[in-house]
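Encoded as structure tokens, the structure appears first; notes follow it.
The values are calculated or read from the model by the stated rules, or taken from the named source; none is laboratory data. Values in this document were obtained by computation on a predicted structure and should not be read as measured data. Cβ atoms come from the backbone with ideal geometry, glycine included; neighbour counts cover every protein chain shown.
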Amino acid sequence: MSFCFSTGASDTKSANQTPPSIIKRIGESVQSEIKCSHSIPSYDVILWYKQDEKGVLQLLGYLNLEYPNIEVDVKGKISFDGDGQKHSNLTISNVSVTDSAVYFCAWDTDSEEFGARRSRLVFLCC
């Protein structure tokens, strides 16, 4: 069994999420392979979300400057590092079928502006 991560773009802000795809087997990890970056000087927070097959969004956590804040229910499974003013790398440990989802990288600041990118994790059978 394998997983495929694919990246799509959805905003005109100066930001990027890579790579286009990653294929993993059950039990493997995505070690800082999903990367989010932006070049918007006033933005200092990068958020990570997971959207399941029913469309439900789950906040995984956020990076405020260099300080990660990971939601309690995903600690040990999800981690990220970086600098909220520039970039963040997402790690998913011990990939399983329940990790099949769309992963969103979003950026924010204290203003009302907001933007996002996404990566899709698809479960591949056989």
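Observations on the model:
- Within region 60-85, the set of residues being over 18 Å from Val30 (Cα atoms) and surrounded by fewer than 18 Cβ atoms within 10 Å (Cβ to Cβ) comprises Asn64, Leu65, Glu66, Tyr67, Asn69, Glu71, Val72, Asp73, Asp83.
- Boolean, Glu71 is at pLDDT 80 or above, charged (D, E, K, R) and more than 20 Å from Ser100 (Cβ to Cβ): no
- Selected residue [modelled with pLDDT of 90 or more and not aromatic (Phe, Trp, Tyr)] from Gly82, Gly55: Gly82
- Condition check for Gly8: more than 14 Å from Trp107 (Cβ to Cβ), surrounded by fewer than 13 Cβ atoms within 10 Å (Cβ to Cβ) and at pLDDT below 85: yes
- Close pairs (7 angstrom Cβ cut-off, 6 or more residues apart or separate chains): closer than 13 Å to Asp81 by Cα in region 38-65, of a type in the set (Gly, Ala, Ser) and assigned to a loop (DSSP other than H, G, I, E, B) anywhere: Val45/Gly84; Ile46/Gly84; Leu63/Gly84; Asn64/Gly84; Leu65/Gly84
- Unmet requirement for Asn94, which otherwise passes all of (1) buried (at least 16 other Cβ atoms within 10 Å of the Cβ); (2) out of contact with any strand residue (DSSP E or B) (no Cβ under 8 Å at 6 or more places or on another chain); (3) within 16 Å of Ile22 (Cβ to Cβ): (1)
- Residues of region 30-57 satisfying the condition of being surrounded by fewer than 15 Cβ atoms within 10 Å (Cβ to Cβ) and either more than 16 Å from Thr91 (Cβ to Cβ) or out of contact with any strand residue (DSSP E or B) (no Cβ under 7 Å at 6 or more places or on another chain) (or both): Ser39, Pro41, Ser42, Asp52, Glu53, Lys54, Gly55, Val56, Leu57
- Which numbered condition Asn16 misses (of (1) closer than 21 Å to Ser100 by Cα; (2) in a strand (DSSP E or B); (3) at pLDDT below 85): (1)
- Positions within region 19-29 being surrounded by 19 or more Cβ atoms within 10 Å (Cβ to Cβ) and modelled with pLDDT of 80 or more, in sequence order: Lys24
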